[in-house]
1. Past 24 Å, Cα to Cα: identify those pairs from Lys69/Lys243; Lys99/Lys159; Lys128/Lys181; Lys99/Lys243; Lys103/Lys159, in the order given.
2. Enumerate the calculated ³J(HN,Hα) couplings along segment 211-223 in order (Karplus 6.51 cos²θ - 1.76 cosθ + 1.60, θ = phi - 60°), each rounded to whole Hz, writing x wherever the residue is Gly or Pro.
3. Treat each spin label as a single point 7 Å out from the Cα along the C-beta direction, and report the Asp233 to Arg187 distance in nm.
4. Can you run phi through the Karplus equation (6.51, -1.76, 1.60; θ = phi - 60°) for segment 116-132 and list ³J(HN,Hα) in whole Hz, with x for Gly and Pro?
5. In a shell of Cβ-Cβ distance under 10 Å around Ile180, excluding Ile180 itself, what net charge do Lys and Arg (+1) and Asp and Glu (-1) give?
6. Non-local amide H neighbours of Arg84 (under 5 Å, H modeled in plane, Pro and chain starts lacking H): which ones?
Amino acid sequence: MKNVMLIISMLLLCCGVGAQTAKNVGKVGAVVKTVKAEERPEVLIETTMGNIRVALYNETPLHRDNFLKLIREYHYYDSLLFHRVIPDFMIQAGDPYSKNAPKGAVLGDHSLDYTIPAEIRLPQIYHKRGALAAAREPDMVNPKRESSSSQFYIVYGRKQDERGLQRGRDNLRQLFGDSIKMTDEMREAYTTVGGTPHLDGGYTVFGEVLDGMDVVDRIQRVERDANDRPLEDVRIIKATILKDLPGMEEKPKKVMKRVAKKPVKRK
């Protein structure tokens, strides 16, 4: 498909990560317990169609810290668009070029000038409805499945039938052989709530929606053009940290000097 491998692309500043957490990066199933689950950071994403509150997983510390850093220090997502929406699939944002993009401009090809090592935590963390995940470039140019620096997507995903589940199982088998299989918990979530099982193992899921799935639902159903961009702009008004990491506090806004990089591709 076009820009941004599967939901596309690019996620955040991976600065200041110590060796203690970095050593687990990219290991499927590895869990880095830096903060208790009940102390998960939370972010409020205010949009022109309503508010979405998300929690960030402490099991994916590089993505968590990068997302928080972009918001805390750069207010990076303020005024960016949800530039790609697909009904019963997902909504995507984070292209820095979307802030002042004219109507009809093709978006999704840009991110910041770095990537984040994959933090795939299957089978504990997967693409259930409401999952917050990082877009990335395709395997042919990105075999380590590193995440984009700024683009993220929120999964909607329809309720899966046996055919959809089997597609997910086949994908896991192709990626991991018999070492990781779809669990009963995953199967129940996909059949009763919804999600995108065929993305499991390919992209890092680093959070989930706590409130506002009705907003996600409305956004994913707006009219769109041939590139899946909404005909009427859906904009992030402001992203705010509601609950930060212990010991962190709001820092003065900095000027983002990093240059947008090449496009991210999606299947």
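1. Details: Lys69/Lys243 13 Å; Lys99/Lys159 33 Å; Lys128/Lys181 15 Å; Lys99/Lys243 26 Å; Lys103/Lys159 33 Å.
In this structure, Lys99/Lys159; Lys99/Lys243; Lys103/Lys159 exceed 24 Å between Cα atoms.
2. 3J(HN,Hα) across segment 211-223, in whole Hz: 9, x, 5, 5, 5, 4, 4, 5, 5, 5, 9, 5, 5.
3. Between Asp233 and Arg187, the label points sit 4.7 nm apart.
4. 10, x, 4, 10, 8, 10, 7, x, 5, 10, 8, 8, 6, 4, x, 5, 9
5. Numbers: positive: Arg173, Lys181; negative: Asp178, Asp200.
Residues close to Ile180 contribute a combined charge of 0.
6. Under 5 Å from the amide H of Arg84: Gln92.
A short reminder: the numbers here are calculations on the coordinates, not readings from a lab. What you see is a predicted model, and the numbers here were worked out from it, not measured in a lab. Glycine also receives a Cβ, built like all others from the backbone with ideal geometry; neighbour counts cover every protein chain displayed.
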